[in-house]
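Structure, as structure tokens:
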Amino acid sequence: MTKISVQQQINRAKFLEKKGEIIEAKKIYQHILEIFPKNLRVQKMLANLNMPKETNSINPPQEIINSLMTLFNQKQFSLAVNQAEELTKKFPNSLMIWNFLGVANKSLGKIVEASKCFKKVIELDQNLPDGFNNLAMVQRVLGKLDEAFELSEKAILLKPDSYIFYTNKGIILQEQGKFDKSLEAFKKALSFNSSYVEAYYGIANTFLYQKKHDDSIKYFKKTIFLNPNYTQAYFNMSVVLKEQDKLDEAIDACKMAISLQPNHAEAYNNLGAIFKEQDKLDEAIENYNKAISFKSDYAEAYNNLGVVLKEQNKLDEAIEVYNKAISLQADYAEAQYNLSISYNLKGNIKHGLQLYEWRLKKNNFPTRIPRKTFTWDGSKSLIGKRFSVYEEQGLGDIIQFCRYLTLLKQKGAEITFKVNKKMHALLKTLDEAILLVDNDPDENDIDFEIALMSLPHLLNTNLNTIPSMGPYLYADRDKIVSWSKHLNKNTFKIGICWQGSKNKIDVGRSFDLSLFKDISRLPNVELISLHKGEGENQIKDINFELTTLGSVFDSGEDAFVDTAAVMANCNLIITSDTAIAHLAGALGCPTWVILKKVPDWRWMLGRNDSPWYPKMKLFRQKKRNDWGEVFEIIKKDLLSLIKSKEN
């Protein structure tokens, strides 16, 4: 390095120092001294930089502030933070620098550091409303919502006409779940600035959380009218439209968000979920993979991808992506639960049922976790113990898994089963010693408690130990006789059901009543409707004979008592995957269950029998959504069955 080049380096360092880029200036001086360690001039310059300087000015020169702002606007946040930190040593009382440092740290995601900076701002000036507002918003991010709210109130007290402060207050109240007060705050903001887009966006989100979908859409549209490039407004609107089942509109909103932000992983994830709702599984997979390509640690997208792969019967691939989701988020209950479903479908029910316990930790799962003081681990003695079991999920689940109550009794427990009162008449035929109640017992009256569907796991169920005894529920004898009088004596009677409750669980399980037409015309066959509720209106549209049982059929307070009696009069039950299937199985009736290609986990895959019910035969779709081929096979097998009965 020549003398001239040294001078050039010194000039460069001075220029950087003047701009406020102290660290870069120091590096140049240190580099010169590595080559010319005895250069007293440079030594002095470096020492001067390292020495805290007193200044008559609270704030640095404007050109330094401008330099920091340039770095910030160029998104060079790390460099901006480094330089601002150096400046706090020279200008320790500069509100401007501390505030800038807080904002830059927040932009880097260093929320704790940002909080410290904004606290310093308030320490320097307790009458600065922006200081309280900025601190409020970082405390909100840290989850300190009560503190954030108090700080927001102080900011508003100092500047009561700030629409920005009222909007931020609304956001904090929103996250506290105080939705009505949140709306008041946003509307107060609009009273000061009727075109403030963030306030409209806040109102839209509040209505979203309240599930007031029409109102939410209205305000998202207002937000987009004011700012046509508001990516997140399009995305959140797509979420609401999906909830409203306006799937084509939801797709359009998602695509608008993506057009504005092509790497919007959440939009691709939502687009995948919409395509899944439309049963466009390949498109769903494509979009989930795009979401993951933009956000490699996106556990939710991996989980959603697994669900679709499971629907395509790609269970090993599904298990792989569920495990990936869990590796990213070990406590991800939804992924753990979905993993259990895949293992159960594969027949590995011991491991699957263990993972199935995660269902109780899923968001919004309606069944509570047993209280710790009453938890049973499967090994403690039950002799003389008072054991409370409580129902969960659907009526079919209650019928299928109530069999496990008798196993607890065999272990010496006194059983109380909390279950919907309408099920008591049927379930009392399981074992009269089991006490049926419709409210949780007093905690002083129990030693253990458990959700019903945890019993298979705690009792170490595997394929070989499923308690698949013969009938374990029974129809009332008087009702059997009474209903027999309503039926023809000399027909081959088939009780049928074609649809369960119309909810997401039933998607793909139900089929049209009209598919029974060819079966109804087989010699001596009488079809008897066991159907109640959703889908019953299909009866008026058919052009074949179907025996219906009138308005009195199971119209009383007790569920299934008439259905059970009619089943006992039938030669065969043919049903979709509903509670009717489980009731027929529990009664020991010959039963044919018609299943979609990838059915509910309890039916597993690739077998035409059920280890849960000895007299049950399973008929499976070979192709998704194709019921016609299944009914052709049923017709053929039914002809063979009838001929064998005749012989």
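Numerical summary
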item	result
MRE, 222 nm, helices only [DSSP H, n ≥ 4, -39500 (n - 2.57), over the chain, to nearest 500]	-16500 deg cm²/dmol
Region 435-527: relative contact order as a whole-number percent, Cα under 8 Å and 6+ apart	24 percent
With Cα atoms, 0 to 90° folded angle of helix 77-90 axis to the chain main axis	40 degrees
Amide H contacts of S576 (H built 1.01 Å from N, under 5 Å, at least 5 apart or other chain)	C497, W498, Q499, I594
Candidate lysines for bridging to K119, where Cα separation is under 20 Å - those fewer than 8 sequence places away on the same chain excluded	K89, K90, K106, K110, K144, K154, K159, K169
With DNA, RNA and ligands ignored, accessible area of E17 (1.4 Å probe; Å², nearest 10)	50 Å²
Normalised contact order of the chain, rounded percent, pairs of Cα under 8 Å and 6 or more residues apart	7 percent
Rounded to 5, percent antiparallel among DSSP beta bridges of the chain	5 percent
Separation between Cα centres of region 460-526 and region 135-212, rounded to whole Å	56 Å
Extent along principal axes [Cα atoms of the chain; Å; largest to smallest]	116, 57, 56
Region 293-301 - phi-based ³J(HN,Hα) in whole Hz, Karplus 6.51/-1.76/1.60, Gly and Pro as x	5, 8, 9, 5, 9, 7, 4, 4, 5
Heavy-atom accessible area order for R477, R509, largest first, 1.4 Å probe	R477, R509
Rounded percent of accessible protein surface that carbon and sulfur make up, the chain, 1.4 Å probe	48 percent
Under 5 Å, built H, 5+ apart or other chain: amide partners of T429	Y474
Karplus-derived HN-Hα couplings along region 170-184 (A = 6.51, B = -1.76, C = 1.60, θ = phi - 60°), whole Hz, x at Gly and Pro	x, 5, 5, 4, 4, 6, 7, x, 8, 5, 5, 5, 4, 4, 4
Three-way shape label, region 410-450, alpha-carbon gyration tensor, a/c 1.5	oblate
Calculated P(r) tail over 17 Å for region 330-417, as whole % of Cα pairs	60 percent
Cβ-derived FRET efficiency at R0 51 Å, L328 paired with K615, nearest 0.05	0.70
Cross-link partners of K428 among lysines (Cα-Cα below 23 Å; sequence separation of 8 or more within a chain)	K385, K409, K411, K418, K479, K532, K615
Nearest 10 degrees, 0 to 90: helix 95-107 Cα axis against the chain principal axis	30 degrees
Dipole moment magnitude, nearest 20 debye, region 461-527 about Cα centre, only Lys, Arg, Asp, Glu C-beta charged	120 debye
Long-range HN-HN contacts of V437 with modeled amide H, under 5 Å	F417, K418, V419
Estimated distance in nm for a label pair at E286 and K221, the labels positioned 7 Å out from Cα along Cα-to-Cβ	3.0 nm
Average accessible area per residue (Å²) across the chain - probe 1.4 Å, nucleic acids and ligands excluded	49 Å²
Label-point separation in nm, L33 to Q312, each point 7 Å along Cα→Cβ	6.3 nm
From phi via Karplus (6.51, -1.76, 1.60), per-residue ³J(HN,Hα) for region 35-45 in Hz, x at Gly/Pro	8, 10, x, 9, 6, 5, 4, 5, 4, 5, 4
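The values are calculated or read from the model by the stated rules, or taken from the named source; none is laboratory data. Model, not experiment: these values are computed from the prediction. For neighbour counting, all protein chains shown are included, and Cβ atoms are generated from backbone atoms with ideal geometry for every residue, glycine included. For the accessible areas, the whole protein counts, side chains as well, though only heavy atoms, and no ligand, DNA or RNA atoms are used. Shrake-Rupley method; radii C 1.70, N 1.55, O 1.52, S 1.80 Å.
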